[in-house]
C-alpha cells in the first residue's frame with residue numbers, strides 16, 4: 001500500500017470517540033490532541049458533551065434511553081463532520097455498548113473512519129480527581145445516576161485503543177492516539 | 001479589497017438557509033446548487049429537513065416551540081460545518097422570524113457567513129405543486145398545522161435574497177444564489 005501523502009492525511013476526516021468514566025481524562029486528552037492536529041494542519045472539531053447537551057440535547061435527561069439518544073445525536077453530527085474531512089474528537093462518556101456500536105456502524109455506512117478510544121482510568125482514580133465534583137455530590141447523596149457508581153458503564157470490549165491514563169502523562173496519551181491515527185493513515 | 005482567490009472561496013464555509021413554504025422549491029434548489037458547488041470543488045452538505053427530524057429531532061413535533069427548537073438544532077449543526085469550511089445548504093421551512101434571527105446571530109458570533117434565501121413561491125403555486133401531498137391532506141382534513149395554511153409562516157422581511165421561484169427556472173434560481181455567493185466572496 002502506498003504511504004499516504006501529507007495532503008491526504010490532512011484532508012481525511014475521522015471520528016475519535018473518547019469514551020470513559022467522568023474525570024477519566026477524556027476532555028483533557030481531546031484538547032491536547034486537538035492542539036496537535038491543528039498544529040499539523042488538520043481541520044479539527046471537539047464535540048464537547050456539555051455543549052452538545054445544551055444546544056442539541058436540552059430535552060434529554062440521564063435515563064438509559066436518553067443517554068443512548070444523546071450518543072446517537074452526537075454520533076450523527078460527528079459523522080457529518082467526519083465525512084467533510086474534519087477530525088472530530090468526541091470526549092463523551094457513552095456508557096452503553098449498543099449505542100457506541102450503532103455510531104460505529106453508521107460511520108462505516110458512510111465510509112467515515114471511526115476510532116473508539118477507551119479512556120480507562122480506574123474508578124478510584126477518577127473519584128479522587130473528581131474534576132466536576134460529581135463523585136463528591138453522589139457520595140453526599142446530592143446526585144444519583146452517576147456513571148460507574150450508581151449507573152452503568154459498559155466497558156468497551158475491543159476498543160481501537162485503551163488508554164490507561166492513570167499511568168500516562170497527557171502527552172503520553174496523545175502520543176498513543178497519534179500513533180493509532182498514523183497507523184490508520186489518518187495523521 | 002483584493003479579489004479572493006479560487007482557493008479562498010472554496011475553503012470558506014457558509015450557511016445558505018432556504019426558508020419558504022412546503023413545495024416552494026427549497027430542496028430542489030438546494031440539490032441543484034449543491035451539484036454546482038461540488039463541481040467547482042466546494043465541500044458541500046445539505047441538511048435535509050426530514051433527515052434532521054429523524055436523526056436529530058425525533059422528539060419534536062410541530063408546535064411553535066418544537067419548530068423553533070428544530071431550527072435551532074439544525075442551525076447549530078450548520079454552524080459547526082460552516083466554521084469547518086463547508087458550504088451548508090439548509091432547505092428547511094423555518095417559519096418563525098425569531099429562530100431564524102437567532103441562527104443568524106449565532107453564525108455571526110462564530111464568524112461564519114450566513115445567507116438567508118427566501119424561496120418565495122406563492123401559496124397557490126405551492127398548493128398545486130404539493131410535492132408531498134400535504135396540501136391535499138390538509139384540505140381533506142387529514143392533517144392540521146400546515147405551514148402557510150393553518151400554521152404561521154412569518155415572511156422574511158429582509159432576506160439576503162428573495163427568489164420568486166414560480167417565475168424562475170431551477171437554473172435561474174441557482175444562478176441568483178450563485179451571484180450572491182460570488183458577491184460575498186464565497187464562490
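Using Cα atoms only, what is the angle between the long axis of helix A:26-39 and the major principal axis of chain A, expressed in degrees (0 to 90) to the nearest 10?
Its long axis makes an angle of about 20 degrees.
Before anything else, pin down the relative contact order of the range B:85-187: Cα pairs under 8 Å, at least 6 apart, normalised by residue count, whole percent.
On the way: 67 pairs, mean separation 33.3, N = 103.
Dividing the mean separation by the residue count of the range B:85-187 yields 32 percent.
Rounding to the nearest 10 and keeping the result within 0 to 90°, find how far the Cα-based axis of helix B:64-83 lies from the longest principal axis of chain B.
Approximately 20 degrees, to the nearest 10.
Which distances in nm, rounded to one decimal and ordered from shortest, link the label point of residue A:51 to the equivalent label points in the other identical copies, with labels set 7 Å from Cα toward Cβ?
Ordered by distance, the counterparts are at 2.3 nm.
Can you list the copy-to-copy distances for residue A:130, using a point 7 angstrom from Cα toward Cβ, in nanometres, shortest first?
Label-point distances to the other copies, shortest first: 6.4 nm.
I'd like to know how chain B sits against the 2.2 N^0.38 Å rule of thumb: what's its Cα Rg over that expected value?
Against the compact-globule rule of thumb, the ratio is 1.01.
Averaged across B:77-90, how many Cβ atoms of other chains sit within 10 Å of each residue's Cβ atom?
Mean partner-chain Cβ count within 10 Å for B:77-90: 4.
I need to check one value: relative contact order of chain B, counting alpha carbon pairs closer than 8 Å and at least 6 residues apart, in percent.
It rounds to 33 percent for chain B.
Let me have the 222 nm mean residue ellipticity of chain A computed from DSSP H runs of 4+ only, each contributing -39500 (n - 2.57), with the sum over all residues rounded to the nearest 500.
Computed ellipticity for chain A at 222 nm equals -14000 deg cm²/dmol.
Output, in nm with one decimal and in ascending order, the distances from the residue B:39 label point to the matching label points of the other copies (7 Å from Cα along Cα-to-Cβ).
Result for residue B:39, in nm, nearest copy first: 4.3.
Tell me the angle of helix A:97-109 to the major Cα principal axis of chain A, expressed in degrees between 0 and 90 and rounded to the nearest ten.
Approximately 20 degrees, to the nearest 10.
Bear in mind these aren't lab numbers, they're just calculated from the coordinates by the rules spelled out. These numbers come from a predicted model, not from an experiment. Every residue, glycine among them, receives a Cβ derived from its backbone with ideal geometry; neighbour counts consider all protein chains shown.
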